1. Name the residue, out of V8, V17, V34, V13, that is among the β-branched types (V, I, T), under 17 Å from the mean Cα position of the chain (by Cα) and modelled with pLDDT of 90 or more.
2. Sort out which residues of region 5-43 are within 20 Å of E79 (Cα to Cα) and loosely packed, with under 13 Cβ neighbours inside 10 Å, and write them in order of number.
3. Quick one: in region 44-93, of everything that is outside any helix (DSSP H, G or I) and hydrophobic (A, V, I, L, M, F, W, C), which residue is surrounded by the fewest Cβ atoms within 10 Å (Cβ to Cβ)?
4. Please enumerate the residues belonging to region 10-38 that are among the β-branched types (V, I, T) and out of contact with any strand residue (DSSP E or B) (no Cβ under 6 Å at 6 or more places or on another chain).
Amino acid sequence: MHSYDEPVYLISVVAKVLNIHPQTLRQYEREGLVEPSRTQGRMRLYSQRDIDRIKLILRLTRDLGVNLAGVDIIMQLKEKIDAMQEEIDSLREQLKMENSSSTIPSHKAVVTKNNYEIIIFEEE
């Protein structure tokens, strides 16, 4: 079994699996939407992560009618959101570690709303 990020799939295999023309994959690469790895012989190799990204691109273009410029913006925003979520998770873990070593004053509360935690600290 290959790891999620291991580049193992040739362009012809990816095109066949996704039912698209290899030229479409080349266009996505030219547009900077996907960056497959290259062998020393310059053959493109795609990972499962690349394939999942292409599936998202296809969903945006085919099902939602987004053009490639819009897809690029959406993908950039998604990457920023993912990075911010990682930072939030890291900060949340740090806060959890700090809180476990000390007691929280009773005038502080944690309120959960939607899928986000809102931490309210009253001024002292």
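1. V34
2. Once the filter is applied, which keeps residues that are within 20 Å of E79 (Cα to Cα) and loosely packed, with under 13 Cβ neighbours inside 10 Å, region 5-43 yields D5, R30, G32, E35.
3. Residues of region 44-93 outside any helix (DSSP H, G or I): 44-47, 64-67.
Next, from what is left, pick out any that are hydrophobic (A, V, I, L, M, F, W, C): 45, 64, 66.
Working: L45: 17, L64: 10, V66: 16.
Result: L64.
4. Those that are among the β-branched types (V, I, T) and out of contact with any strand residue (DSSP E or B) (no Cβ under 6 Å at 6 or more places or on another chain): V13, V17, I20, T24, V34.
The values are calculated or read from the model by the stated rules, or taken from the named source; none is laboratory data. Because the structure is a prediction, the values reported are computed rather than measured. Please note: Cβ atoms are built from the backbone with ideal geometry, for glycine as well, and neighbour counts cover all protein chains shown.
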